[in-house]
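K.L.:
One structure coming up, written as structure tokens, with questions to follow.
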Amino acid sequence: MTLQTVADVLAGACLISGALLSLAAGVGLLRFPDLLSRMHAATKPQVLGLLLILAGTALRLQNTIDTTTLVLVGIFQLVTAPVAAHMVGRAVYRAGQVRADLLVVDELGEDRPNGRSPSR
Amino acid sequence: MIVVGVIVSTLLFAAVSLVLIRIVRGPTTLDRIVAVDVLLAVVVCAVAAEAAYTRDATSLTILVVLSILGFIGSVSVARFSPRSRR
């Protein structure tokens, strides 16, 4: 049981859990009723799953240059995923593709003239 | 590590199949954008898992390009997607 074996087992656990999160996102994307809840499912492989798989890759490669590249990819994903999700969510809301009966609170709709979300 | 490779590739294949079903069905453009975003994230996961499996760092630069591509794609399509007419 060398240190290499321990690192390999840890890397395998990280890779499998990241792939499981990707599968969970696929199931959620297919089964969830409207776009905002599908976006909730979509963030799983984008952030946690990707970070787990990058950690597993770093554990396998064990090289400073490669680890730096992986950290760069992870940071970039962490910075850009909220921006992209914000843009998509805004477009979804304005296009009126939100199911109002599934919303718990709709603060954007309260500010609108008729007090309702632009849902179909 | 072979077992891990088989498990991970099976899981990622199942995930990609489900996401592709959503892309084909997906009633509106925005549904498809979200699904394509997920598809790209799964592809990034697959490339990274391949690099981990073979201990070969050649494909790591692809990851940087793919993450930038996904961001630009989803933001630009969401920005210019047409609004529904009521």
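The numbers here are math on the coordinates, done by the rules we state, and not lab data. Everything numeric in this text was worked out from a predicted model, so none of it was measured. Cβ: placed from backbone, ideal geometry, glycine included. Neighbour counts: every protein chain shown.
K.L.:
How shielded is A:78-85 by partner chains, expressed as the average number of their Cβ atoms within 10 Å of its Cβ atoms? Before the final figure, lay out the partial values.
P.N.:
On the way: counts 0, 2, 7, 6, 0, 3, 10, 5.
Per residue, the number of nearby Cβ atoms from other chains is 4 on average.
K.L.:
Sort B:61-71, B:41-51, A:101-111, A:33-43 for me by packing, meaning the mean count of neighbouring Cβ atoms within 10 Å per residue, highest on top.
P.N.:
Peptide ranking by packing, descending: B:41-51, A:33-43, B:61-71, A:101-111.
K.L.:
Given A:Gln62, A:Val105, A:His86, which one lies farthest toward the positive end of the charge dipole of the protein assembly as shown, if we put +1 on the Cβ of every Lys and Arg and -1 on the Cβ of every Asp and Glu?
P.N.:
Result: A:Val105, furthest along the dipole toward the positive end.
K.L.:
Hey, another quick one. Quick one: 3J(HN,Hα) in Hz for segment A:45-57, Karplus 6.51/-1.76/1.60 with θ = phi - 60°, rounded, Gly and Pro as x.
P.N.:
3J(HN,Hα) across segment A:45-57, in whole Hz: x, 6, 10, 5, x, 5, 5, 5, 5, 5, 5, x, 5.
K.L.:
First obtain the Kirkwood hydrodynamic radius of the protein assembly as shown from its Cα pairs, then insert it into the Stokes-Einstein equation at 4 °C and 1.567 mPa s, and state the resulting D in µm² per second as a whole number.
P.N.:
In µm²/s, the coefficient is 73.
K.L.:
Something else now. Between beta-carbons, use under 11 Å as the cut-off and find the net charge around B:Leu63, counting Lys and Arg +1, Asp and Glu -1.
P.N.:
-2
K.L.:
If you average 1/r over every pair of different alpha-carbon atoms in chain A and take one over that average, what Kirkwood value in Å do you get?
P.N.:
Result for chain A stands at 16.7 Å.
K.L.:
Enter the mean number of other protein chain beta carbons within 10 Å of the beta carbon of each residue in A:4-11, as an integer.
P.N.:
Average neighbour count from other chains, rounded to a whole number: 1.
K.L.:
Related question: Considering only B:Arg22, B:Arg32, B:Arg55, give the residue with the highest GNM mean-square fluctuation for chain B, with springs between Cα atoms whenever their separation is below 10 Å.
P.N.:
Maximum among the listed residues: B:Arg55.
K.L.:
Show me, for segment A:62-68, the HN-Hα J-couplings you get by feeding each phi into the Karplus relation (A = 6.51, B = -1.76, C = 1.60, θ = phi - 60°), rounded to Hz, glycine and proline as x.
P.N.:
Those phi angles translate into 6, 8, 5, 5, 5, 5, 4 Hz.
K.L.:
Based only on the alpha carbon positions, what is the Kirkwood hydrodynamic radius of chain B, in angstrom?
P.N.:
The answer is 14.4 Å.
K.L.:
Counting only other chains, and only Cβ atoms inside 10 Å, what mean value do you get across the residues of B:28-40?
P.N.:
Working: counts 4, 3, 9, 7, 0, 8, 13, 6, 0, 10, 13, 5, 2.
Mean shielding by partner chains, rounded to a whole number: 6.
K.L.:
Compute the relative contact order of chain A as a whole-number percentage, counting only Cα pairs closer than 8 Å that sit 6 or more residues apart in sequence.
P.N.:
Relative contact order comes out at 24 percent.
K.L.:
Among B:Gly73, B:Leu11, B:Thr61, which residue has its Cα furthest toward the positive end of the charge dipole of chain B, with +1 on Lys/Arg Cβ and -1 on Asp/Glu Cβ?
P.N.:
With unit charges placed on the Cβ atoms, the residue in question is B:Gly73.
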